[in-house]
Amino acid sequence: MDQFLIQIRCNTLKLLQCDKSNEGDSCAYISSQLSLQKDLDYFQEQPTLLDRYLEELITFTMGNIKEIINEKFLQSDDDLFKLSADITFNNKFKLIYYFCKVRGYKTILKFFPNEVGIFEPMFRYLSLLSTKDFQLWEQRYVLLLWLSLLSIVPFDLKDIDSSSRADTLVNDIVNLCKSFLEKAGKEQEAAALVLARILTRKDTVHIKLKEYIEWVLDQLSNNITLNVFKICGVLNSLCTIFKFGPREILNEEINRIVQTKILNSFFTENLDFNEDFQLNSLVRKCIVKIAQRLGLSYLKPCKVLSWRYTRGNRHLEENLGFHDSQKLNKFSGRNNQLVDAEQEEADVPEEMESLIGILLQGLKDKDTIVRWSSAKGVGRLTERLPKAYSQEIIASVLQLFEEDFYNDDLSFVSDCTWHGACLCIAELSRRGLLLPENLVSVVPQIAKALLFDVKRGSHSIGSHVRDAACYACWSFARAYSAEDMLPFSRAIGDVLICNSVLDREVNIRRANSAAFQESVGRLGVFPHGIAVVTTADYFNIGNRSNSYLKVATEISNFEEYKLPLIKHLVSRSVPHWDMEIRELASKALGKVTHNAKEFVVSEVLPELVSRVNSADLNVRHGSLLSAGEVIVALSEMYDKSLDCWICSTNTQKQLIENITLVVVNYPQKFLESFGWELTRVALLNFISCLCLANWPTTQDDKFKKFSHNKLERFVNISGNNDGHSPLLDLSEQIWNFLQLCLECKEEKVQVKSCLALKDFSEWVYTENNKNLCPFFEYYITYALDQLKSDRMNTKHIKRGVALSFKFLHFKGLQYRFDEIVDQLILNTMEKREYLYDAEIKRNIIIALETLLINSEDIVNINQYDKILQCMIGCLDDYSTDLRGDVGSWVREEGIKGLKYCMVVGNSKHFLLKSKAVEVMALIFRQGCEKIDRVRETAGKALFDLIWIDYWNFDFEYLRTYFRKDLDINWLNPSEVFPFMTQFLNYSIFQIEILTGIIVSVGGLTESLVRFSSASLVNFLLNVPTCNSTTQKVEITMSLQNFFSILNEIFSRNLKIDRISIPLLETLDVLSNAEVFQNLFQVDMMEQLTYSVNIIERLIELVLKVLFKSKDTKKLIIGIKVLSSFIGLTNLKLLDLDEEEVGDDDLKTNLSRCHYKVVKKVVSYLCHPYPKIRRVAAEQLYIVVSVGAILSSNNIEEVETLLLEENW
């Protein structure tokens, strides 16, 4: 820290001594200035650390400013005015402002020069500054602060004024400050301070102050010139005047003028300005502050009132050391000495009643700044009032808690009123004005405020109330002795601890923790206080999940706090309006159950079970989640033994039956009406917990699981039979509900139902070496029937059924493994459009992946090949619908599945090298395509595959690229495509990688197109035109080879717009980058002929893809490509001499291609679409103007026609 402070000091001195004679120094100056500003910002929370260097830095800076102003003042006004344009001079003021911002102007002002001789020069410079130049506001602000200091010099201002007229200097200062009052910046605050200092001087107050008050009244009544900034400035100046003005100077006449003309009129409806500005929070704040300052001027200040509470001993060491009542007594906070007793008998002015009424009304204001100012005002005034009046004020504040409060229902109360009342209570207690006898009525209200949380629509209000209540508790700890707070320690302490770990808002958790920490340190009446404070510290409770699941669990280990925590969870967190809080609360309740088993079983669990059918969605959702977690926690205490549910009492038997009835008789209306998704998810979670807890299904045989004959009944009988226990229907009802949710259209419900089905299947699974478990036999038959269905309305059912195979117990599936795999694969091959569904296919791939991993020990090569081929086919799924490229979901899961297929196939030697290369190439292609998340999945899969410990094939050369320290963001095209184009050199990957890059070049996002195009062009500009005999066999890329591969891709995908259109765009990019011209830079006639054949083939493919096309996008890009081919078939433009070419057949082929392309482009001038005609004309004009067409007849006429015709 010392080094940091020294660095600030050095930077400041460097700025002050920097010679800005050249540009290099200017840059260094600005850099040092920014560095200093950044360093000072670190000290905003602890600005006092700067104090040791402030005097040196501020005195030096202001002394330099004083010398410059004095020097220029002695010369002329013009020289003085020119200072404002000096950047170096302005930066000195910015430096002072930085210190004022961090440390506060009151501290910095102490080090300003206060010589009388600088008064006039400084004020003259300030008056010359432009008030409209926004770049000089720091100068104006600092100079006004300086003027406020000089305004209190102990000399008559007439002696300082060098002008011949009387009071010229004072009038000029007042008038200048008036002009700053309508500013919205810091100048307004400083100008108000100057007015307060200048108008409350003994030599000016009797005349100037009253004149100023009259000016204020005139301004407030003038609607024409009044604006919100001006009224705030004017009122703020009054606040400052009454703050700094001595009480004896502010005579009663001025007080009454302000009270009657401003305060009282503001709350009436007969003045026009009230209608415009009474809704402005800053104006209302100023009104409240004026009321407060007026009240203070009416009342004489006193040191300590005789009735005021004084705590006495405040040593923290002694607070933490007591253990018995005798030591408590020495902390008694009573001071019976009468101090300034005359004050208590003094008369209270009648005006105080209306002023206090304004402050009490401000406690209910809608804006926090007004309530906070009102609370401080009430506290300050009460300090000067007799005890009887103070008790009336406290009673009035307490009445605010009772407004619209009926039967402990907070729904109708005003959160603003409670917030203001809590702030006021905190201020009163902090000042010792709330006597211990008042705590009996105050503490219960604060305890309610600590839990204030009222739902309003889709959110809640009350966090600010809880925060203010924490402030009140913090004030109690600082104000009262341990003896006085001991009766209320449990009421406040339990709530503070619960809120510090279980509140939704992080700032409220930290506020509760701070209040509890203050109470522990100063009172010492809380058991295990230090341990709790250490556990629930500032950082541990910062994360909500950590606070609920870890910190709350640790605190529940203390006997005194476990029950309050559990009760708070059940009453506040479980039915909370925020779903995340309900979920965390249920998990936390499950964790703390281990510390209070008896209480949970006897009180908590019955309460939760009784609320699972609540009409309130939040209550039933939270109760279902929490009941399930509690049941699991109870079962874990017995290691899931069936003995856990052996009942010894009728109460326990009834509880088990009631829990079972939750599933058996759950109301159907909650599963179908508003909020049914959340209700179903919660009920599914409850079922999972019952299964995990080994819940009993019959009352026979000590609640063992149902047997085979029991399952037959469950499978064959539908409905309930009378005359048997509801426990007999549990398994049947669970399955009915799971089936309902599996067939639901909502994906989150299906996923949760699959998880519940997993737990249910493990619950009912029975080992049988010869036959399949009856439940699995039934379920597999049901699932396969659904997968075979050809009905249109069964898509959502297939999704859930397919996904369920991922979660089911594999031992129950292995006997019909072949049948399951075959049917799943068959569904991925669905070609009928009305039956195709991307989610079904995705879920099937997920299921096959899991089945393959679980069946690694038993899978044979035929099964493996089927699964592998299915997943390879899924990488070609590019289906789309209104949601976009839904096939990307299938491809993404296919990549993950192929990764595991490769691992399993490699370990069992099922994988052929040809298949391994094919899979790697397909994943490489996905790593080059346009969807970010697919690229990321492919990139990670490639890395994992390449670094498999043992490969049956040679992929070692890829590890030189995919190094273990490879750091690449697969979501960022600027990193991916330069990396992936390297692999175009390897023939086994070329077609697939190039296909992926082509699709990305034709993408929609600008960054994707730019980086993919640039990477491809840069790669092609650095490869040879034709293959070299010295190249490695696996590295076969050349320009001719590239275009041969391009032709092959083109010919395969002529009718697939997904590839053909991006390929045309790729050709256009390559043409603009002049890559085609490099094809003809060869030495041998055979190579030239090969290049010409490539171009001829490309032209043929482009013409085919455009034939009878009505796709505007395809036609436009196709015309551009064909226009570029016109120049490529002209020997002159290719810099080829006809005599050197020699081959007549080659010339003939080029000429034929040339005229074919020209004819095709010209034909588009007659296209029915105007846009196509215009594009064709533009491209033809460009071609003609560069002389690309072989025929030179009538070129000028053609150009004129193309330009002038309205295409």
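At a glance:
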read-out	value
Qualifying position, being hydroxyl-bearing (Ser, Thr, Tyr) and surrounded by fewer than 22 Cβ atoms within 10 Å (Cβ to Cβ), among 556, 545	545
Options 583, 607, 598: the member that is within 29 Å of the chain's Cα centre (by Cα) and either outside any loop (DSSP other than H, G, I, E, B) or among the aromatic types (Phe, Trp, Tyr) (or both)	583
Conditions (1) part of a helix (DSSP H, G or I); (2) open to solvent by 30 Å² or more (accessible area, probe 1.4 Å): number failed by residue 920	(2)
Every residue from segment 811-845 that is open to solvent by 30 Å² or more (accessible area, probe 1.4 Å), assigned to a helix (DSSP H, G or I), farther than 18 Å from residue 871 by Cβ and not polar (S, T, N, Q)	811, 815, 816, 819
Selection within segment 541-581 - over 20 Å from residue 489 (Cβ atoms) and either in contact with a Ser or Thr (Cβ under 7 Å, 6 or more places away or on another chain) or among the hydroxyl-bearing types (Ser, Thr, Tyr) (or both)	541, 545, 547, 548, 551, 553, 554, 571, 573, 574, 577, 581
Unique match (being in a helix (DSSP H, G or I), at pLDDT 50 or above and of a type in the set (Val, Ile, Thr)) among 715, 749	749
Helices (runs of 4 or more DSSP H) enclosed by segment 134-195 - at least 3 residues per element that are touching a residue at least 12 places away in the same chain (Cβ under 8 Å) and crowded, with 20+ Cβ neighbours inside 10 Å	137-150, 168-180
Within segment 490-510, tally of residues that are open to solvent by 20 Å² or more (accessible area, probe 1.4 Å) and of a type in the set (Gly, Ala, Ser)	1
Criterion: more than 46 Å from the chain's Cα centre (by Cα), within 30 Å of residue 1170 (Cα to Cα) and polar (S, T, N, Q) - qualifying residue of 1071, 1060, 1109, 1091	1109
Meets criteria (under 31 Å from the mean Cα position of the chain (by Cα) and within 18 Å of residue 512 (Cβ to Cβ)) for residue 447	no
Residues (among the charged types (D, E, K, R), out of contact with any Pro (no Cβ under 7 Å at 6 or more places or on another chain) and surrounded by fewer than 23 Cβ atoms within 10 Å (Cβ to Cβ)) located in segment 381-436	383, 387, 392, 402, 403, 404, 408, 409, 415, 430, 431
Filter result (closer than 17 Å to residue 989 by Cα and either touching a residue at least 60 places away in the same chain (Cβ under 8 Å) or in contact with a helix residue (DSSP H, G or I) (Cβ under 7 Å, 6 or more places away or on another chain) (or both)) within segment 940-956	941, 942, 945, 946, 953, 955
All positions within segment 1020-1051 that are open to solvent by 50 Å² or more (accessible area, probe 1.4 Å) and modelled with pLDDT under 90	1021, 1022, 1024, 1027, 1028, 1029, 1030, 1031, 1032, 1033, 1034
Test: residue in segment 611-624 that is assigned to a helix (DSSP H, G or I), more than 29 Å from the chain's Cα centre (by Cα) and surrounded by fewer than 21 Cβ atoms within 10 Å (Cβ to Cβ)	yes
Any hit, segment 891-910, residues being closer than 18 Å to residue 829 by Cα, out of contact with any Pro (no Cβ under 9 Å at 6 or more places or on another chain) and open to solvent by 60 Å² or more (accessible area, probe 1.4 Å)	no
Filter result for the condition that a residue is part of a helix (DSSP H, G or I), touching a Cys at 6+ places or on another chain (Cβ under 8 Å), under 29 Å from residue 239 (Cα atoms) and among the small types (Gly, Ala, Ser), over 421, 375, 449, 395	375
Lone qualifier among 591, 567 - being open to solvent by 30 Å² or more (accessible area, probe 1.4 Å) and out of contact with any helix residue (DSSP H, G or I) (no Cβ under 7 Å at 6 or more places or on another chain)	567
Residues of segment 930-946 satisfying the condition of being open to solvent by less than 10 Å² (accessible area, probe 1.4 Å) and either touching a strand residue (DSSP E or B) at 6+ places or on another chain (Cβ under 8 Å) or closer than 21 Å to residue 999 by Cα (or both)	934, 935, 938, 939, 941, 942
Residue identified as assigned to a loop (DSSP other than H, G, I, E, B), polar (S, T, N, Q) and surrounded by fewer than 18 Cβ atoms within 10 Å (Cβ to Cβ) among 107, 131	131
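The values are calculated or read from the model by the stated rules, or taken from the named source; none is laboratory data. Nothing here was measured: the structure is a model prediction, and the numbers come from that model. Please note: Cβ atoms are built from the backbone with ideal geometry, for glycine as well, and neighbour counts cover all protein chains shown. Accessible surface is based on the protein model in full, side chains and every heavy atom, while ligands, DNA and RNA are left aside. Shrake-Rupley method; radii C 1.70, N 1.55, O 1.52, S 1.80 Å.
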